[in-house]
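This report concerns only the one structure given below.
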Amino acid sequence: GVPLLVNVTTQVAGPDKGHAELTVNSPAITASQISALGFDVSEYMQGSLALQTNTKLAPGGPVTATLAADFNKAALAIPQIHLHKASGDGGRLGFNLMLEKNHLHADDITVDLGSLKTSGKAEFDLAVSVMSLGLERVSLAFAQLEDLQLELAEGNILQFSVQGGEASLEPFLRGGDEVADPQAKQGVVEAKALADQLESRGFVLKVSDSK
């Protein structure tokens, strides 16, 4: 199991009667523990991460939560996107959530994991399976993208747009020739498999022109 420190506070009287706050801390969740929960990350992560969440509940009101994960003690390697981070090189992920009726809002999304850096917000309509994701900037080892927008509209239509930025294919080539790196080839295979899976479920992908 995963070691957790849980603290629950409830108000039983006064103006905040019925309000509750739940804080969960896990100072060291290992890659093997995450894999044991059914999320196999052993291929991409070694070491451990620290996780802290805080959730507030109000009678008749929205549920709000914050999540912060510290990846300093984790080593990450995702060769498909040329992401590598050594243990001890920092790394964090965090966001705020608000659940109000069937609407889930995520803001202050922050990702700083090696060469992958981004921030933004997302919204989900749980009643009709509609979502939108907006990232102000996405930095990767081979790309700097500005104002990335991803939307899932009714009818399972995926719309994707990037308003600016630049990308290089150099990390995916060896010695300047046209032979792609085997890891890059695997990334293409996995991306195609995902696209085929989405298509089989009735999704339609639309890509907007950059401005």
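The values are calculated or read from the model by the stated rules, or taken from the named source; none is laboratory data. Bear in mind that the values here come from a model prediction, so they are computed numbers and not experimental data. So basically every Cβ, Gly included, is an ideal-geometry build from the backbone, and we count neighbours across all protein chains shown. In case anyone asks, the SASA skips ligands and DNA or RNA and just uses the protein heavy atoms, side chains included. Shrake-Rupley method; radii C 1.70, N 1.55, O 1.52, S 1.80 Å.
Worth pointing out:
- Note on the stretch 24-171: lysine pairs with Cα distance below 28 Å, sequence gap of 8 or more or different chains, count 8.
- Around the amide H of Ala28, modelled in the peptide plane, lie the amide H atoms of Leu51, all under 5 Å away and 5 or more residues distant in sequence or on another chain.
- Calculated log₁₀ intensity ratio I(q)/I(0) where the Debye formula runs over C-alpha points of the stretch 17-62, q = 0.19, 0.20 Å⁻¹: -0.67, -0.69
- Long-range HN-HN contacts of Ala74 with modeled amide H, under 5 Å: Ser48, Gly88
- Over the stretch 45-176, all Cα pairs binned in 10 Å intervals from 0 give whole-percent P(r) values of 11, 31, 35, 19, 4, 1, 0, listed from short to long.
- Computed over protein heavy atoms with a 1.4 Å probe, the carbon and sulfur contribution to the accessible area of the stretch 86-129 reaches 55%.
- Charge tally in the Cβ shell below 15 Å around Arg137, where Lys, Arg are +1 and Asp, Glu are -1, Arg137 excluded: -4
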